[in-house]
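Just below is one structure, and these are the notes that go with it.
The values are calculated or read from the model by the stated rules, or taken from the named source; none is laboratory data. Here the structure is a predicted model, which is why all the values come from computation and not from measurement. Ligands, DNA and RNA are excluded from the accessible area calculation, which covers all protein heavy atoms including side chains. Shrake-Rupley method; radii C 1.70, N 1.55, O 1.52, S 1.80 Å.
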Amino acid sequence: LAVTPRERARSLEQRGRTARNDYRGDLSWLSFREAADVRLSELPEDELAIARACAQAVENPMRWPGSMATAPKEEDVRRYIDVGLERAPDGSVERIALLTSVAFTPFAFASRRGSTQQEVDECLQAGLEAAEAALALGRPDLASAALDGAGSALVTIGDYGRNATLIDRRLALLERFDDPWESGDVHDMAAWNSVMIGNYGRAKEYSDHSLELIRTGIEGLAIHGLSWGAMAELQLGHWSRVV
């Protein structure tokens, strides 16, 4: 039904948001990517909207690759990060989101092409920088996402001990936002990290939050959390609970 380029871009962006909430990452990526292309070619004067579409486009392949059946090429994703960063002002929500995605680079691509300690360190710093900027804007939800990006760089090298500090920072932010998706991820990552450092009781406590996610329809994150809960129960020898 869209007639103008602006209407088409907005429609594609809404489809992208809906698909992300339904854990259909492929459709979300394609929708936001097309929206960004429409804005670049037909609405180049609105640079902030371009940056916003780019930030939304790369979120699925960078932060939520488990929601995608087909992983896009790194160079394709990187193009939209670069286009967005060229247009996002310092301190803006859009720049924070893009820096957060940069932090997820090892998490998204290291399993396919390897990584270096330098890349891990740089991505860790990008996430920490984005978190500080988000807190300065009064956006604890974005700060939590940025800290997740910073922690994901540590996860790729198995440094769960250092990541525990970032997990604790995210847990401390929980009461300051009400986004069930972000809150669900905080609990999921807390469960994951607790399993990996051998704190199985704590992991089980965090994974129990996934039952609430099922009731609210966020099934993708619920499956993630419940899988770590099952791993914790396995290590504790609670066989019937694993089932």
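For the pair Thr116 and Ser11, the difference between a 0.36 nm per residue extended length and the Cα-Cα distance amounts to 33.8 nm.
Between the Cα long axis of helix 180-196 and the first principal axis of the chain there is an angle of about 40°, rounded to the nearest 10.
With a ≥ b ≥ c the root eigenvalues of the C-alpha gyration tensor of region 1-114, is it rounded (a/c under 1.5), prolate (a/b larger than b/c) or oblate? It is oblate, given that a/c is not under 1.5 and a/b is not larger than b/c.
Averaged per residue, the chain has 47 square angstrom of accessible surface, using a 1.4 angstrom probe with ligands and nucleic acids left out. Nearest 10 degrees is fine. How inclined is helix 74-87 to the longest principal axis of the chain, computing both from alpha carbons? So the inclination is approximately 60 degrees. Phi angles of region 23-31 translate, via the Karplus equation with coefficients 6.51, -1.76, 1.60 and θ = phi - 60°, into HN-Hα couplings of 6, 10, x, 4, 5, 4, 4, 5, 5 Hz per residue; Gly and Pro are given as x. The distance linking region 214-229 with region 1-38 is 25 Å (Cα centroid to Cα centroid, whole angstrom). Using only Cα atoms, find the angle between the long axis of helix 160-173 and the longest principal axis of the chain, and express it within 0 to 90 degrees, rounded to the nearest 10. With both axes taken from Cα atoms, the answer is about 70 degrees. For the chain, the relative contact order comes to 12 percent (Cα pairs under 8 Å, sequence separation of at least 6). Counting only protein heavy atoms, what percent of the accessible surface of the chain is carbon or sulfur at a 1.4 Å probe? C and S fraction of accessible area: 52 percent.
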